[in-house]
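The block underneath contains the structure these notes are about, expressed in structure tokens.
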Amino acid sequence: MVFFVYMSLFITSLNSGSNGNCYYVANDHEAVLVDVGISCRETEKRMLRLGLSMQKVKAIFISHEHSDHIKGLEVLAKKYQLPVYITDATLNNSRLNLCGLPVFTFKSSQPITVGDLTVIPFSKFHDAADPYSFVVNGNNINIGVFTDIGHCCEQVVSHFKLCHAVFLEANYDEQMLTQGVYPHHLKQRIRSNRGHLSNMQALELFKNHRPDFMKLVILSHLSKDNNCPVLVNDLFTTHAEHTKVVVASRHQETEVFHITPSFEHTQLAGHRVKVITSKQTTLF
Ligand SMILES: [Zn+2]
Ligand SMILES: [Zn+2]
């Protein structure tokens, strides 16, 4: 069993949606957070409930300056003196004060090493100053964090094809958005190629480019008003084959998923951890 732990990554969504985003990816020794869009207190509380330690978090990566991605950053980063990876354009377009913290910029497609994890940022289409998606690599496993995407450009497609698990935006159901109460300009903004991915856009990506080894898709950043968790879960499950489909909540953490290059599915008592082990991996 120790063998499997060595081979794995742990991931969870601490919150996902326009009210706050925070995603956790870890190996055995270190963790990174992508965005801190919920308060420091909520981040700590949810990690504690999952049995995760803030001491293991070694860096924070910021995707863009919208408040649902940075709201809790200042307090959390200062409390734990964490390095923050954020581009100059994102920082300058926010009201963040990161004085006293180690702050690093990054460039598209230039990998950043955090212990044994490697984070690869790449530019995305979204109505922010300088928005990025990320792939986190460790133990030969790739985790994608793909939210707040106007459309699936070639970069999204090429990185998606490499992922063993993804946080994938499925923001809105087209019909619900059309029939909903949002003003016309807001509907157009959401639909635009710098807005958000619809369920169907996300599904097209999933259907056409999901690699055989993708074990888990965590549907993320669902709209409160223009989507329905059951509807989007059913939509993806129909096409998922061996890939597990989970919908990230707007109000609480998901369980911790334990991703290995494998298929078997086990629940570990006490830690709300799912182990997805490999038929190809030697069992002792
Ligand atoms: Zn967002
Ligand atoms: Zn955004």
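Tabulated values for the structure
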| item | result |
| --- | --- |
| Spherically averaged projected area of segment 2-277 from its Cα convex hull (nm²) | 13.4 nm² |
| Gap separating the Cα centres of segment 91-160 and segment 35-49, nearest whole Å | 20 Å |
| Cβ-defined net charge surrounding Leu91, 13 Å radius [Lys, Arg +1; Asp, Glu -1] | -3 |
| Taking Leu235, Leu222 and counting other C-beta atoms within 10 Å, the order from fewest to most | Leu235, Leu222 |
| Whether segment 137-244 is rounded, prolate or oblate, judged on the alpha carbon gyration tensor where a/c under 1.5 counts as rounded | prolate |
| DSSP beta bridges in the chain [antiparallel fraction, %, rounded to 5] | 55 percent |
| Helix-only [θ]222 nm of the chain, DSSP H runs n ≥ 4, -39500 (n - 2.57) each, per residue, nearest 500 | -6500 deg cm²/dmol |
| Residues of type lysines that Lys187 reaches as a straight line, Cα spacing below 17 Å, ignoring anything fewer than 8 places off in the same chain | Lys224 |
| Candidate lysines for bridging to Lys79, where Cα separation is under 16 Å - those fewer than 8 sequence places away on the same chain excluded | Lys45, Lys56, Lys58, Lys71 |
| Trypsin sites (Lys or Arg not before Pro) lying in DSSP loop within segment 193-231, provided at most 14 other Cβ fall within 10 Å | Lys224 |
| Contact order normalised by residue count of segment 2-277, Cα under 8 Å, 6+ apart, percent | 19 percent |
| Anchor Lys78: aspartates and glutamates whose Cα lies under 15 Å away (excluding residues fewer than 8 positions away in-chain) | Asp35, Glu44 |
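Every number here is computed from the coordinates shown, using simple stated rules; none is lab data. Everything quoted here is computed from the prediction, not taken from an experiment. Here Cβ is always computed from backbone atoms with ideal geometry, including for glycine, and neighbour counts include all displayed protein chains.
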